[in-house]
Amino acid sequence: MKNVMIRAWEIAKEGAAKFGGKVREYFSESLKQAWSEFKTRPVSNSMFNHNNIEYKFPFPIGEELPALEGSEKQIKWAVQLRNEFNITFVNFVNALLDKRLKESEVLKIINLARFLIENRTSASFWIENRENINGNKLQMLQSVYTEFKAVI
């Protein structure tokens, strides 16, 4: 989130320099633009690091994800939501690791998230669970846990 704010101020400064006026007059619109950039940004690496231990994203960014089913409009929205889940999952895992959750348990959660992304191909699933993408990821993961357990 800090990066979004920094980027918003940069955009506001650029606007003030280009069109005149005070930087704070441009901040509201620049924050919207920075947030939009953040949500659609490509992540160049499929790994993240916590206490010098590298972990993989549930689904490496750039790797082709399974196709979604639904209307064109639903699919477009669900693709954004699914990508957001994948990207924000890093912060979620870091929080779990900070709470001293065992590494083996964290790896199970990462595998469960990968299973979720691979097997929930209905656009409506991602749309119905959109509040959990940035909020309660555990609730979202619990929805596929029994199915995941049966496959292991």
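The values are calculated or read from the model by the stated rules, or taken from the named source; none is laboratory data. From a predicted model like this one, the values you see are computed outputs, not experimental measurements. Here the Cβ positions follow ideal geometry from the backbone for every residue, glycine too, while neighbour counts run over all protein chains shown.
Data table
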| read-out | value |
| --- | --- |
| Qualifying residue in segment 97-105 (condition: small (Gly, Ala, Ser), in the same structural domain as residue 69 (by TED's automatic domain parsing) and surrounded by 13 or more Cβ atoms within 10 Å (Cβ to Cβ)) | no |
| Residue list for segment 106-152, filter: in a helix (DSSP H, G or I), closer than 19 Å to residue 76 by Cβ and modelled with pLDDT of 80 or more | 123, 124, 125, 126, 127, 128, 130 |
| Flag if residue 61 is assigned to a helix (DSSP H, G or I) and either closer than 27 Å to residue 125 by Cβ or modelled with pLDDT of 90 or more (or both) | no |
| Criterion violated by residue 97 - all others in (1) out of contact with any strand residue (DSSP E or B) (no Cβ under 6 Å at 6 or more places or on another chain); (2) in a helix (DSSP H, G or I) satisfied | (1) |
| Filter result for residue 14 (modelled with pLDDT of 60 or more and either in contact with an Asp or Glu (Cβ under 7 Å, 6 or more places away or on another chain) or closer than 30 Å to residue 109 by Cβ (or both)) | no |
| Every residue from segment 64-75 that is in contact with a helix residue (DSSP H, G or I) (Cβ under 7 Å, 6 or more places away or on another chain) and at pLDDT 85 or above | 68, 69, 70, 74, 75 |
